[in-house]
1. Can you find, among Leu461, Gly332, Phe61, the residue farthest towards the positive end of the dipole of the chain? Put +1 on the C-beta of Lys and Arg, -1 on that of Asp and Glu.
2. Counting pairs of alpha carbon atoms under 8 Å apart in space and at least six apart in sequence, what relative contact order in percent does the chain give?
3. From the helices alone, meaning DSSP H stretches of at least four residues, give me the mean residue ellipticity at 222 nm for the chain, per-run term -39500 (n - 2.57), in deg cm²/dmol to the nearest 500.
4. Apply the Karplus parameterisation 6.51 cos²θ - 1.76 cosθ + 1.60, with θ equal to phi minus 60°, to every residue of segment 260-266 and state each ³J(HN,Hα) to the nearest whole Hz, in sequence, with x for glycine and proline.
5. Per residue of segment 433-450, in order, report the coupling 6.51 cos²θ - 1.76 cosθ + 1.60 (Karplus, θ = phi - 60°) as ³J(HN,Hα) in whole Hz, putting x for Gly and Pro.
6. In degrees from 0 to 90, rounded to the nearest 10, what is the angle of the helix 566-589 Cα long axis to the longest principal axis of the chain?
7. Whole-Hz ³J(HN,Hα) for each residue in segment 6-23, computed from phi via Karplus 6.51 cos²θ - 1.76 cosθ + 1.60 with θ = phi - 60°, x for glycine and proline: what do you get?
8. Would you work out the relative contact order for segment 3-316, in percent, from Cα pairs under 8 angstrom that are 6 or more residues apart?
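Read-outs throughout are calculated quantities, based only on the coordinates presented, and are distinct from any laboratory measurement. None of these values were measured; they are calculated from a predicted model. Glycine gets a Cβ as well: all are built from the backbone with ideal geometry, and neighbour counts include every protein chain shown.
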Amino acid sequence: MFIVLRKLGWFFREHKRRYTIALVLLLALNFVEVAPPALVGQVIDRMNQGTLTANHLLWTFALYIGLIIINYGFGFTWQYQLFGGANLLQKTLRHRLMKHFLRMTPTFFERNRTGDLMARATNDLNAVSQTAGFGIMTLVDSTTFSATILVTMGTLISWKLTLVSLIPLPIIAIAMTKYGKLVHERFTLAQDAFGDMNDRVLETVSGIRVIRAYVQERAEERRFRETTDDVFQKNLAVAQIDSLFEPTIKFLIGTTYLIGLGYGAYLVFKSQLTLGELTAFNVYLGMLIWPMLAIGELINVMQRGNASLDRVEETLAYTPDVQDAVQPVRAGVPEVIDFSHLTFRYPSSQSDNLKDITLRVQRGETLGIVGRTGSGKSTLVRQLLREYPPAYTGSLRVNEVPIEDISLAEVHSWLGYVPQDSMLFSRTVEENVRFAYSEASEKEVYTALDRAGFLRDILHLPNGLQTLVGERGVSLSGGQKQRIALARALILEPEILILDDAMSAVDARTEAHIVDAVRETRVGRTTIIVTHRLSAVEHADWIVVLDEGRIAEQGTHDSLMAKAGWYYEQYVRQQLDSDTSDQLELDDSSGEPIEVLSVSDGIFPVERGHRN
């Protein structure tokens with residue numbers, strides 16, 4: 001049961017002064033609190049004997065007041081130190097968890113559901129915090145305080161009466177052990193269910209538009225009701241055991257009272273005990289109620305804390321998939337990026353996702369990566385991001401240094417990355433653009449937004465740059481989110497800019513504006529553009545066509561057009577589709593009826609943007 005305290009030993013050692021003060025004062029209070037019943041017993045005996053004087057009563061009253069003051073001072077101090085430490089533990093573990101989450105790579109988040117991680121960072125940490133505060137208090141009260149009371153009863157009043165009154169204690173110990181085991185098992189299941197419910201809520205809120213679009217509100221309500229019923233039933237199972245602690249202990253304490261009162265009266269009748277001593281004994285029995293209840297609370301809190309700490313430690317024990325170099329080599333400015341016969345496979349994949357990739361990119365060049373959906377485009381650029389461990393053959397070098405020998409901080413300092421699924425924070429437009437460069441001036445923010453083709457959109461926002469974008473940019477269109485994310489990367493002016501299908505949601509004219517701006521401002525720096533729309537890369541210095549993880553074609557735009565392969569066919573189709581769209585816009589502006597075209601009508605099977 002107390003294994004959880006051993007697991008938290010590092011924290012108690014780190015804050016030993018705080019816990020030493022709390023424990024010393026708690027132990028001192030044990031002796032302070034057993035004094036008043038003895039004083040009451042003496043007063044009753046003096047009254048019974050007719051020897052009570054006003055002076056003695058006054059001194060007893062003054063001593064009683066002094067004990068109350070000491071009790072208050074000690075009580076305030078130990079509670080501040082003990083429960084302050086519990087809150088500090090919660091803060092420390094929450095900080096560790098967040099730091100751990102920030103170090104984790106996609107593999108970790110693929111294996112752990114967001115809702116469950118949130119449950120571990122909230123409910124589980126609360127349970128652990130309870131262990132370091134309330135748990136320590138109940139431990140002291142159920143052991144040293146109860147022992148102090150029992151010793152006082154046995155030495156100052158009657159050891160025979162005390163011994164007889166303790167007959168129910170072994171039954172309490174057996175019952176508490178059994179209840180504690182059940183609490184640990186059921187509380188773990190309840191916490192897992194709470195994580196499932198968190199995950200369901202997150203999915204529902206994030207996908208509310210899709211749910212409404214497919215008229216699945218009632219179905220989602222039904223599924224969520226089933227989830228909450230499961231959480232309710234598992235927490236009810238915990239509550240059923242919790243509800244047994246107090247009645248069991250109160251029943252056994254009531255039995256102790258009956259034994260103490262009956263046998264005590266017999267001893268008074270036999271003149272082996274005074275009336276004052278019997279009164280004091282019964283007061284002590286009353287004081288034993290809380291320590292006995294504390295045994296149940298102790299086991300309950302410790303088992304909950306142990307179950308929750310196991311879940312937290314399981315998360316913290318997850319080793320980052322991508323480890324930093326033990327002795328990192330500084331590569332400097334990335335002049336050359338060299339893929340040499342690189343073959344890569346995701347940890348969860350059964351086959352190679354990249355096969356024999358050989359590619360060389362010089363500083364200042366623009367590399368275009370195109371291909372069918374699922375051909376490995378995003379997988380290729382992720383090798384530069386170092387999101388996955390180097391589970392490959394061949395090599396990826398920067399300035400002739402293997403990328404795994406370069407520190408993660410240096411690699412990431414080169415990069416500006418814009419994925420297709422643009423993540424915006426629940427802040428203003430300006431704060432989202434300044435996210436990675438908080439010292440950027442307002443002029444730099446406007447310049448970045450202009451390059452990203454978002455400047456005109458600001459005029460239509462209710463508060464301009466200070467407009468809140470909502471959670472994950474919910475108040476913006478897909479194209480607006482992509483352009484703000486692009487501005488966030490451009491404001492950094494990174495050495496390597498990676499656009500991973502980052503313009504899939506913008507129209508052709510805006511895309512042309514962005515491409516021109518990138519070409520003008522990225523002179524001397526490396527740019528990698530992953531796209532399905534070939535017009536975005538026709539200006540590139542080198543274009544790679546991927547197919548099933550292999551390089552199927554590569555060259556300049558002109559050389560690839562001359563080969564008349566996949567690139568040529570796709571480019572012609574997209575140009576024809578673009579011309580048709582332009583004509584439709586002209587027809588629409590003239591007020592003439594237009595024809596609605598679709599893929600099912602046999603019109604140009606153009607691939608839609610999709611992240612690999």
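1. Of the listed residues, the answer is Phe61.
2. The normalised contact order for the chain reaches 14 percent.
3. Taking each H run of at least 4 residues, the total per residue is -19500 deg cm²/dmol.
4. x, 5, x, 6, x, 4, 4
5. Along segment 433-450, the couplings run 5, 7, 3, 9, 9, 5, 8, 4, 6, 5, 5, 5, 5, 5, 5, 5, 5, 5 Hz.
6. It is inclined by approximately 90 degrees.
7. Each residue of segment 6-23 in turn: 5, 5, 8, x, 4, 6, 5, 5, 5, 10, 5, 5, 4, 6, 5, 4, 4, 6 Hz.
8. Relative contact order, segment 3-316: 32 percent.
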